[in-house]
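Quick notes on the structure that follows.
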Amino acid sequence: MERDPLIHLKGLSPEEYSYLQQVMSGMNERQKQGFVMFYSGRRKDPQEILLFTLLGFLGLAGIQRFITGQLGMGILYILTVGLCFIGTIVDIINHRSITFEYNRKAANESAELVRMMPK
């Protein structure tokens, strides 16, 4: 019985866990461990994104967009004060989906790195 390498990742939603299981299918144990190592370094927690989004109400709008790699949206949020706070409110509501989208991309990139490693 093999141990689940994803057990050390804190705050995994069932949706993210299921997606990571799909990404790791076909990997050997060494590759799975490498994947979790790469992914855990890049993964963002939805609670952190929520906190950065809330900073938008203090005049620091768009930080969550920079953190998730959406530079253009981050600049737009800075210049428009979070699209007049409407964008910030929408991001508060959607912080989990913003985070999951970023984490999905990070998981795919981490899996590509691991699959290039020699077995």
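The values are calculated or read from the model by the stated rules, or taken from the named source; none is laboratory data. Keep in mind that what you see is a predicted model, and the values were worked out from it rather than measured. Cβ: placed from backbone, ideal geometry, glycine included. Neighbour counts: every protein chain shown.
Numerical summary
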{"item": "Neighbours by Cβ (under 7 Å, 6+ apart or cross-chain): first from region 8-29, without any contact (Cβ under 8 Å) to a residue 60 or more places away in the chain; second in a helix (DSSP H, G or I) and of a type in the set (Gly, Ala, Ser)", "result": "LEU9/SER40"}
{"item": "Those helices (runs of 4 or more DSSP H) lying entirely in region 15-119 with at least 3 residues out of contact with any Ser or Thr (no Cβ under 7 Å at 6 or more places or on another chain) and farther than 16 Å from ASP4 by Cα", "result": "46-54, 63-67, 71-79, 81-84, 86-93, 95-116"}
{"item": "Those residues of region 79-116 which are modelled with pLDDT under 95 and in contact with a Gly (Cβ under 6 Å, 6 or more places away or on another chain), in sequence order", "result": "GLY82, VAL114"}
{"item": "Some residue of region 1-11 being closer than 18 Å to VAL114 by Cα, surrounded by 17 or more Cβ atoms within 10 Å (Cβ to Cβ) and more than 14 Å from the chain's Cα centre (by Cα)", "result": "yes"}
